[in-house]
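Please treat every number below as a calculation from the coordinates, not as lab data. As the structure is a prediction and not an experimental result, all values here were calculated from the model. We place every Cβ from the backbone using ideal geometry, glycine too, and count neighbours over all the protein chains shown.
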């Protein structure tokens, strides 16, 4: 199955923190500071679920979509004080009749081809309420930074082998947010500007 992290779920956090120290964690924790109490949250690609332990507001209704059964099993052990509905499904298959106040997609779109990323983006766009915030975190592709290019290439080779991800390069996500007329209201960079955490507001 493509884009499935079952084979490396147990080692994912260790690998991430060994390479990036706390940068990936800090980027996502920063995004969580934009979530208010008593809101509805859709998380896609939450990985091992450590992020569920970091939610400070209470009274959240969280829908947690994850394709990896191993990742989902780990995530279920980390629920704290909020109501979490776990959905074992790919985002391509996921459907919802409700709209959410917040969408969180940490390091999701770097798994997909440009075509599939656009389709998934449109699906999630319809799941977000007007005026809602899309909390986005991912890597940055700066062609002027050779070390970033080397790291990206190495990462894509690794994850193609062990997670069968379909992508071979990062997508132009800023372009997609602009096309759908989102307003970027906040942004921070980590790990030498290789990791970006941004908050986009749905205006229309």
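Structure values in brief
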| quantity | calculated |
| --- | --- |
| The range 6-202, relative contact order in percent, only Cα pairs under 8 angstrom and at least six apart counted | 22 |
| Beta bridges per DSSP with both ends in the range 6-202, % antiparallel, nearest 5 | 45 |
| Tensor-based shape of the chain (alpha-carbon gyration tensor, a/c under 1.5 rounded, otherwise prolate or oblate) | rounded |
| Peptide ranges 72-79, 32-39, 102-109 listed from the most packed, as the mean C-beta count within 10 angstrom indicates | 102-109, 72-79, 32-39 |
| Gain in span if fully extended, residue 7 to residue 61, counting 0.36 nm per residue against the direct Cα distance | 16.5 nm |
| Which of 147, 50 has the fewest Cβ neighbours within 10 Å, and the rest in rising order | 147, 50 |
| Centroid-to-centroid separation of the range 12-33 and the range 73-111 [C-alpha atoms, Å] | 18 |
| Mean separation of Cα contacts under 8 Å, 6 or more apart, over the residue count of the range 96-204: relative contact order % | 34 |
| Computed [θ] at 222 nm, helices only, for the chain once each DSSP H run of length n ≥ 4 contributes -39500 (n - 2.57) | -10000 deg cm²/dmol |
| Potential extension, residue 92-residue 21 segment - 0.36 nm per residue separation minus Cα distance | 22.5 nm |
| Per residue Cα convex hull volume in Å³ - calculated over the range 130-171 | 106 |
